[in-house]
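So the structure is just underneath, and the comments pick up after that.
What follows draws every value from the coordinates through simple rules; no lab data is involved. Remember, predicted model here, so these are calculated numbers, not experimental data. Glycine gets a Cβ as well: all are built from the backbone with ideal geometry, and neighbour counts include every protein chain shown.
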Amino acid sequence: MVARRAQTLHAARENLNTKVRPMPELFRASKVAPMTPGWPLLEDAAVVVHDQAILDVGSFDHMRRKYAGPVRDLGTVTLAPAVFNSHVHLEMTHLLGKTAPGQGFVPWIKSLLALDAYAVDEPLVRAELLRLEQKGCAFVADISTRNAPLLAEILASSGLFFSSFHEVLGNAVPADPSTMVVGSDAVAGCGRGVCAVAGHALYSTSPELLGASKAVSAAHGLPYSLHLAEHADEDAIVLTGRSPFLDLLRERGFLTEYNAPGKRPVPLAAELGLLDAATLCVHCVTVSDEDISTLATSRASVCLCPRSNEYIGVGQAPLEKFLAAGVNLCLGTDGLCSNFDLDPYAELSWLAQRYPGAMSLCQGLALVTENPARFFGPLVPGVEKLGSLAPGQAARFSVVPGSVLDAFIDAE
Ligand SMILES: [Zn+2]
């Protein structure tokens, strides 16, 4: 009798255990953008989630028949993977609205140099990162010149995946080049990011320092980032050594001994061995057809920052030509010293309105999901599980805002 009661209790406990085991949950949406090669935009679809990972994706009817779990009906929305911001300067978050807009690079940099540009406002940065997460952002690539360890620590304590780049500029190569990879112990512990190195630009950073920073990145299997072909002054400095910007720098004691290499930025970057599949070239505004083909052949990725380019007044990158060349295109907001917010979807909406008809909705979404995941995925822990809604991927979603959907509808 006692034995039977014990058996019954055991069976009841087993039953209870079965009941409390989490069941797959179905997230239903009127549209789902899986961002997986070969998959179109799905109508009335569901993403099935179990234990924070995606178990399945397909039409809602089909998923409902396969899985008995609870349904969260999100209604008339387009569900997409969580998005990436592939280029920001968080240490300049406090500069919102304080720099000169629309007059070109030299007036903008003069206005920036007059400010306390590197005085990180930590609570403000944390608030911006939280806002990004709430908007469905999962990844940030940050460039920091003077505060990389602090920014790495802030990113590690957020819920975001990240690459925290320490940006080098000037001439001197450290005796131990690996000291360029600076960061926080918290990064390794969090398992969501890396501390990496970025070169500032071809005119501000010596070929030796650029080469050493790229070499140390390659040796550690890290992503590398470089501002490249951002504005006409950059072209003039490296090509001819004559530019108002160079005059400004010399007035301030920089580049006093500068010798122009006599090449355009993209061929110069290629010659220095900076372009490969682990390099993200940021801006790429002043590029020729030949430059685009060099970038495509190198397998480097390109990060466009169209609103920053508009804010500063340097022109726009040739989006259609990059798309036609098959370059892996990503999107970044740049810092709040040259933009109004850090929202990748706001950047995409602006780009789609600026280039009506140039991209389908899925091509546009790829710039903030699939493409940056292709670049950062092999280089940053956990990022290979982001960027698409497919079985085995992380259950990190975003809802595509109406401003983005409208921009693509208007373009059709
Ligand atoms: Zn930048």
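Observations
- Net +/- balance of residues flanking Ser59 in space, Cβ distance below 15 Å, scoring K and R +1, D and E -1: 0
- Spin-label pair Asp185/Gln134, simplified geometry with 7 Å Cα→Cβ offset, distance in nm: 3.3
- Across the range 114-186, the relative contact order, built from alpha-carbon pairs under 8 Å that are at least six residues apart, equals 31 percent.
- Highest mobility in the GNM of the chain, judged by mean-square fluctuation with C-alpha springs under 10 Å and restricted to Arg65, Arg396, Arg250, is found for Arg65.
- Based on Cα atoms of the range 233-355, Rg over Rh with Rh as the Kirkwood radius reads 0.99.
- Charge tally in the Cβ shell below 15 Å around Tyr118, where Lys, Arg are +1 and Asp, Glu are -1, Tyr118 excluded: -4
- If the segment from Gln353 to Ala175 were pulled out straight at 0.36 nm per residue, it would be longer than the present Cα-Cα gap by 59.2 nm.
- Straight-line cross-link partners of Lys214 among the lysines, defined as a Cα under 24 Å from its Cα and at least 8 positions apart when in the same chain: Lys263.
- Across the chain, counting alpha-carbon atoms alone, Rg and Dmax equal 23.7, 98 Å.
- Arranged from fewest to most other beta-carbon atoms within 10 Å of their beta carbon, Val77, Val282, Val187, Val47 become Val77, Val187, Val282, Val47.
- Neighbourhood net charge (15 Å Cβ-Cβ; Lys/Arg +1, Asp/Glu -1) for Leu255: -3
- Listed residue pairs exceeding 25 Å between alpha carbons, taken from Lys66/Lys385; Lys110/Lys321; Lys135/Lys385: Lys110/Lys321
- Label point distance in nm, Asp121-Thr36, each placed 7 Å from Cα along Cα→Cβ: 4.3
- Cα-projected label distance for Ser360 with Glu290, points at 7 Å along beta-carbon direction, nm: 3.5
- As a length-normalised measure over Cα pairs under 8 Å and 6 or more apart, the relative contact order of the chain settles at 20 percent.
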